[in-house]
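The values are calculated or read from the model by the stated rules, or taken from the named source; none is laboratory data. Predicted model, so just to flag it, every value in this text is computed and none were measured. As a convention, Cβ positions derive from the backbone with ideal geometry for all residues, glycine included, and neighbour counts pool all protein chains shown. SASA here: full protein model, heavy atoms, side chains in, ligands and nucleic acids out. Shrake-Rupley method; radii C 1.70, N 1.55, O 1.52, S 1.80 Å.
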Amino acid sequence: ELKVEQNPLFLSMQEGKNYTIYCNYSTTSDRLYWYRQDPGKSLESLFVLLSNGAVKQEGRLMASLDTKARLSTLHITAAVHDLSATYFCAVESNTGNQFYFGTGTSLTVIP
Amino acid sequence: GAVVSQHPSWVICKSGTSVKIECRSLDFQATTMFWYRQFPKQSLMLMATSNEGSKATYEQGVEKDKFLINHASLTLSTLTVTSAHPEDSSFYICSAGPDSGGAFFGQGTRLTVV
């Protein structure tokens, strides 16, 4: 079974600061996704990373994928309060669109 | 983009009753849909894979007689929680994706069993 580990689990950071969330997975996969979840809500798609070396940026968030290291990162630049949420990475199995989720990172941005 | 609609958004039911949750793909056909459960402050755990026209595949530890899945058409899968108990209270999320790949998630259903 494919395992996905996320680090850290909880993160509290001040506005304006930078930080990186890490996502490691255990077996080969070609597709990695990042999602945001607000309390009581479903998942909002942030990024889809489909190849080694892929880098995508949207606003203050940037995601990258290293398939050789089986590692993806989500970098937060100059955090603002609106980014407070739980972030999940998910790896899609190569045998179908079955997803395996990381543990999630609960992010709180404080003024 | 593709849309997956889940219904209802929340439901409260009495212990011992059954609850049905629907998951529809609105603008694509999905031969496979997935059902997840999420407990508070935890990640999503895959419960089962719903296959159109055949039996669902359940993850280890998920009772197939308790969580009945029906995937009768290419756009609809249903999850029925039978004889629900308070420990079944959770956030249930479905997902589906077109053959080209990717997954789209329903809005989720918050089930509370009292």
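Got a sec? Which of B:ILE69, B:ILE12 is more than 21 Å from A:TYR33 (Cα to Cα), more than 9 Å from chain A (Cβ to nearest Cβ), over 14 Å from the mean Cα position of the chain (by Cα) and assigned to a strand (DSSP E or B)? Only one candidate qualifies: B:ILE12.
Would you be able to say whether some residue in segment B:86-102 is open to solvent by less than 50 Å² (accessible area, probe 1.4 Å), farther than 30 Å from A:GLU5 by Cβ and of a type outside the set (A, V, I, L, M)?
Narrowing segment B:86-102 to residues open to solvent by less than 50 Å² (accessible area, probe 1.4 Å): B:88-98, B:101-102.
If we keep only those that are farther than 30 Å from A:GLU5 by Cβ too, we end up with none.
Taking every residue of segment B:86-102 in turn, none turns out to be open to solvent by less than 50 Å² (accessible area, probe 1.4 Å), farther than 30 Å from A:GLU5 by Cβ and of a type outside the set (A, V, I, L, M).
Restricting attention to segment A:25-55, and to residues there that are free of Cβ contacts under 8 Å to residues at least 12 places away in the same chain and more than 14 Å from chain B (Cβ to nearest Cβ), which single residue is nearest to A:SER84 (Cα to Cα)? My answer is A:VAL55.
Residues that are within 12 Å of chain A (Cβ to nearest Cβ), free of Cβ contacts under 8 Å to residues at least 24 places away in the same chain and not small (Gly, Ala, Ser) do not occur anywhere in segment B:107-114.
Is at least one residue of segment B:46-56 of a type in the set (A, V, I, L, M, F, W, C) and exposed (fewer than 13 other Cβ atoms within 10 Å of the Cβ)? No, every residue in segment B:46-56 fails to be of a type in the set (A, V, I, L, M, F, W, C) and exposed (fewer than 13 other Cβ atoms within 10 Å of the Cβ). Entry remark, segment B:31-44: residues being over 11 Å from the mean Cα position of the chain (by Cα), within 9 Å of chain A (Cβ to nearest Cβ) and hydrophobic (A, V, I, L, M, F, W, C) number 1 in total. The set of residues in segment A:1-58 that are open to solvent by 40 Å² or more (accessible area, probe 1.4 Å), within 17 Å of A:VAL109 (Cβ to Cβ), in a strand (DSSP E or B) and of a type outside the set (D, E, K, R) comprises A:PHE10, A:SER12, A:GLN14, A:TYR19, A:LEU46.
From the set of residues in segment B:33-44 that are under 24 Å from B:GLY16 (Cβ atoms) and in a strand (DSSP E or B), which is most open to solvent (accessible area, probe 1.4 Å)? Explain how you work it out, then say what you get.
Keep residues of segment B:33-44 that are under 24 Å from B:GLY16 (Cβ atoms), which gives B:35, B:37-40.
Checking which are in a strand (DSSP E or B) leaves us with B:35, B:37-38.
Working: B:TRP35: 1, B:ARG37: 48, B:GLN38: 17 Å².
Ranking the qualifying residues of segment B:33-44, first place goes to B:ARG37.
Given the criteria away from chain B (no Cβ under 14 Å) and more than 30 Å from B:TRP35 (Cβ to Cβ), does A:ALA69 qualify? Considered against the rule, which asks whether it is away from chain B (no Cβ under 14 Å) and more than 30 Å from B:TRP35 (Cβ to Cβ), A:ALA69 comes out as yes. Of the residues making up segment A:59-83, those that are surrounded by fewer than 18 Cβ atoms within 10 Å (Cβ to Cβ), touching a Ser or Thr at 6+ places or on another chain (Cβ under 8 Å) and at pLDDT 95 or above number 4.
Taking the condition of being farther than 17 Å from B:HIS71 by Cα and charged (D, E, K, R), how many residues in segment B:11-30 meet it? I'd like the intermediate steps shown before the answer.
Initial filter on segment B:11-30 (farther than 17 Å from B:HIS71 by Cα): B:11-18.
If we keep only those that are charged (D, E, K, R) too, we end up with B:14.
Summing the residues that are farther than 17 Å from B:HIS71 by Cα and charged (D, E, K, R) in segment B:11-30 gives 1.
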